[in-house]
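S.K.: Following this message is one structure expressed as structure tokens.
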Amino acid sequence: MATSREKLAAGRGAHVALFDATTLLGKGVKERLVDRRFPVESVHLYTSSADPEANLSDYAGEAMLVKRPDIDALGPLDIAFFCGTRPEGALYVDWPDRRGFVAIDLTTASRDAARAPVVNATVNPEALPAGAGLVGTPHPIALVLSTVLAAVKRGCGLRAASAVVMQPASEAGEEGIGELYQQTLGLLNFGDQPRDVFGRQLAFNLVPADLYGSSGPPGGGTAMAIEKEIEQVIGGGLDLSIAIVLAPVFHCHAAMMRIVLPQGKGREDLQEALGKTGEFRLEPRDGRATPVECAGEPGILVAGIRPAGDAGAFWLWIVSDNLQSGSALNAVRIAEAIWRRAATRKGEA
């Protein structure tokens, strides 16, 4: 039997555009589109930057010119990905309704649009809009935690959850990675430490996100906003609390999470619930469970499941590569669902 992706490939491919295609997220989206063989009829790459180095990129190994977007010169367009910063995404949030395409927003700019759903493609795909418009992807932390919590909630029930999340420098883009690298070199060589991105020393340090106030840390949202996103994706019905700490690692989110199951549920029920989906790598036998060891690995690692005091309470250690299995993959999965639905409607017509 042909897969959904093979069925899609049999018809017309999608006209696709990536806005701010040269960012880390833009590169990740391009890689996932190619890896998953998303059916494309045409691809256009755009940038909001005036930097001449942002004017050349590639798609599937083919060099492409990156242009400034012009709403009157977009041409045919089915699905767009907004991959820049929040201010850059805000420049285009009304374009989908004006031009009749679906935009998958990875910038969080769509949070200000009341009608834009936040979608984790593996948890709440039913929230996708029926026609043109904006679709928001969850903050990378909300994406990881909602995937885990939804699996537990559906599989065995869930009363409460709390987590301390370690946010990597890559959440602030290539600028964040570069600054952590330069800070590390500066400390090792008794030199200067740039602080333009993080505003303080991140190398060999831990920085509570709360120190950045109501605006949140570079590249990330506040804990309260992320909690709200998680509840929007998985539904309410549980006590949820998270804290965010900026960690001196380049890639991968890591979280120590405590969950409380309903009365009578235990470790076996938890493991069974997590094992029902293909999203998780449970208790790796080789012991590879740190951000460095999980970099580049697909899926979400869940390890270190152990009792956490009260009956039905357990600790979980969670690691996910935000570039390999984070927002870019979720955005492409959303695009697949949208295009699959379009193909189904065409077949029924």
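The values are calculated or read from the model by the stated rules, or taken from the named source; none is laboratory data. Quick caveat: nothing in here was measured; it's all calculated off a predicted structure. Don't worry about glycine lacking a Cβ; one is built from the backbone with ideal geometry, like all the others, and counts go over all protein chains shown. These accessible areas exclude ligands, DNA and RNA; they are computed on the full protein's heavy atoms, side chains included. Shrake-Rupley method; radii C 1.70, N 1.55, O 1.52, S 1.80 Å.
S.K.: Just checking, does region 63-72 include any residue being out of contact with any Cys (no Cβ under 9 Å at 6 or more places or on another chain) and either surrounded by 23 or more Cβ atoms within 10 Å (Cβ to Cβ) or at positive phi (or both)?
M.R.: Going through region 63-72, the residues out of contact with any Cys (no Cβ under 9 Å at 6 or more places or on another chain) turn out to be 63-72.
In the following step, the residues that additionally are either surrounded by 23 or more Cβ atoms within 10 Å (Cβ to Cβ) or at positive phi (or both) were identified as none.
Looking through region 63-72, none of the residues is out of contact with any Cys (no Cβ under 9 Å at 6 or more places or on another chain) and either surrounded by 23 or more Cβ atoms within 10 Å (Cβ to Cβ) or at positive phi (or both).
S.K.: Given the criterion over 21 Å from the mean Cα position of the chain (by Cα), on the phi < 0 side of the Ramachandran plot and outside any helix (DSSP H, G or I), identify the matching residue among 185, 211, 202, 134.
M.R.: On the way: 185 fails: outside any helix (DSSP H, G or I); 211 fails: outside any helix (DSSP H, G or I); 134 fails: over 21 Å from the mean Cα position of the chain (by Cα).
Testing whether each residue is over 21 Å from the mean Cα position of the chain (by Cα), on the phi < 0 side of the Ramachandran plot and outside any helix (DSSP H, G or I) leaves just 202.
S.K.: Among the residues of region 90-107, are any in contact with a Cys (Cβ under 8 Å, 6 or more places away or on another chain) and surrounded by 13 or more Cβ atoms within 10 Å (Cβ to Cβ)?
M.R.: Just the residues of region 90-107 that are in contact with a Cys (Cβ under 8 Å, 6 or more places away or on another chain), to begin with: 106-107.
Okay, now just the ones that are also surrounded by 13 or more Cβ atoms within 10 Å (Cβ to Cβ), so 106-107.
For region 90-107, residues in contact with a Cys (Cβ under 8 Å, 6 or more places away or on another chain) and surrounded by 13 or more Cβ atoms within 10 Å (Cβ to Cβ): present.
S.K.: Between a first residue in region 122-143 that is hydroxyl-bearing (Ser, Thr, Tyr) and a second residue that is open to solvent by 20 Å² or more (accessible area, probe 1.4 Å), which pairs have beta carbons less than 8 Å apart while being 6 or more apart in sequence or on different chains?
M.R.: Within 8 Å, the pairs are 122/277; 122/279; 122/333.
S.K.: Can you tell which of 297, 293 is free of Cβ contacts under 8 Å to residues at least 60 places away in the same chain, within 30 Å of residue 80 (Cβ to Cβ), open to solvent by 50 Å² or more (accessible area, probe 1.4 Å) and not in a strand (DSSP E or B)? Step through it out loud before you land on a result.
M.R.: Values: 293 fails: within 30 Å of residue 80 (Cβ to Cβ).
So the residue among 297, 293 that is free of Cβ contacts under 8 Å to residues at least 60 places away in the same chain, within 30 Å of residue 80 (Cβ to Cβ), open to solvent by 50 Å² or more (accessible area, probe 1.4 Å) and not in a strand (DSSP E or B) is 297.
S.K.: Could you tell me whether region 145-161 includes any residue that is more than 30 Å from residue 241 (Cα to Cα), assigned to a strand (DSSP E or B) and open to solvent by less than 20 Å² (accessible area, probe 1.4 Å)? Spell out the reasoning first.
M.R.: Taking region 145-161 and keeping what is more than 30 Å from residue 241 (Cα to Cα), we get none.
No, the conditions are met nowhere in region 145-161.
S.K.: Would you mind stating whether residue 288 is basic (Lys, Arg), in a loop (DSSP other than H, G, I, E, B) and out of contact with any Ser or Thr (no Cβ under 6 Å at 6 or more places or on another chain)?
M.R.: It is true that residue 288 is basic (Lys, Arg), in a loop (DSSP other than H, G, I, E, B) and out of contact with any Ser or Thr (no Cβ under 6 Å at 6 or more places or on another chain).
S.K.: Report, ordered by the first and then the second residue, all pairs with beta carbons closer than 8 Å, sequence separation of six or more or different chains, a first member in region 189-201 that is under 12 Å from residue 246 (Cα atoms) and modelled with pLDDT of 95 or more, and a second member that is open to solvent by 100 Å² or more (accessible area, probe 1.4 Å) and assigned to a loop (DSSP other than H, G, I, E, B).
M.R.: 201/195
S.K.: Considering region 165-204 alone, what residues qualify as being in contact with a strand residue (DSSP E or B) (Cβ under 7 Å, 6 or more places away or on another chain), open to solvent by 10 Å² or more (accessible area, probe 1.4 Å) and not charged (D, E, K, R)?
M.R.: 166
S.K.: Go through 107, 147 for me and flag whichever is among the hydroxyl-bearing types (Ser, Thr, Tyr), under 15 Å from residue 231 (Cα atoms) and within 16 Å of the chain's Cα centre (by Cα).
M.R.: Values: 107 fails: under 15 Å from residue 231 (Cα atoms).
Only one candidate passes the filter, namely 147.
S.K.: Please pick out the residue among 331, 337 that is under 25 Å from residue 84 (Cβ atoms), open to solvent by 10 Å² or more (accessible area, probe 1.4 Å), modelled with pLDDT of 90 or more and part of a helix (DSSP H, G or I).
M.R.: Details: 331 fails: open to solvent by 10 Å² or more (accessible area, probe 1.4 Å).
Going through 331, 337 in turn, just one is under 25 Å from residue 84 (Cβ atoms), open to solvent by 10 Å² or more (accessible area, probe 1.4 Å), modelled with pLDDT of 90 or more and part of a helix (DSSP H, G or I): 337.
S.K.: Ok, one more. From 216, 275, 221, which residue is within 25 Å of residue 180 (Cβ to Cβ) and without any contact (Cβ under 8 Å) to a residue 12 or more places away in the chain? Walk me through how you get there before you give the answer.
M.R.: Details: 275 fails: within 25 Å of residue 180 (Cβ to Cβ); 221 fails: without any contact (Cβ under 8 Å) to a residue 12 or more places away in the chain.
It is 216.
Yes or no, residue by residue, for (1) more than 24 Å from residue 35 (Cβ to Cβ); (2) at pLDDT below 95; (3) not aromatic (Phe, Trp, Tyr):
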| position | (1), (2), (3) |
| --- | --- |
| 259 | yes, no, yes |
| 267 | yes, yes, yes |
| 279 | no, yes, yes |
| 285 | yes, yes, yes |
| 294 | no, yes, yes |
| 299 | no, yes, yes |
| 304 | yes, yes, yes |
| 312 | yes, yes, yes |
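S.K.: Hey, another quick one. Need pairs with beta-carbon distance below 6 Å; first residue of a type in the set (Lys, Arg) and within region 302-318, second surrounded by 14 or more Cβ atoms within 10 Å (Cβ to Cβ); sequence gap 6+ or separate chains.
M.R.: 306/315
S.K.: Another one. Taking into account only those residues within region 108-129 that are open to solvent by 30 Å² or more (accessible area, probe 1.4 Å) and in a helix (DSSP H, G or I), which is farthest from residue 335 (Cα to Cα)?
M.R.: For region 108-129, the residue satisfying everything is 112.
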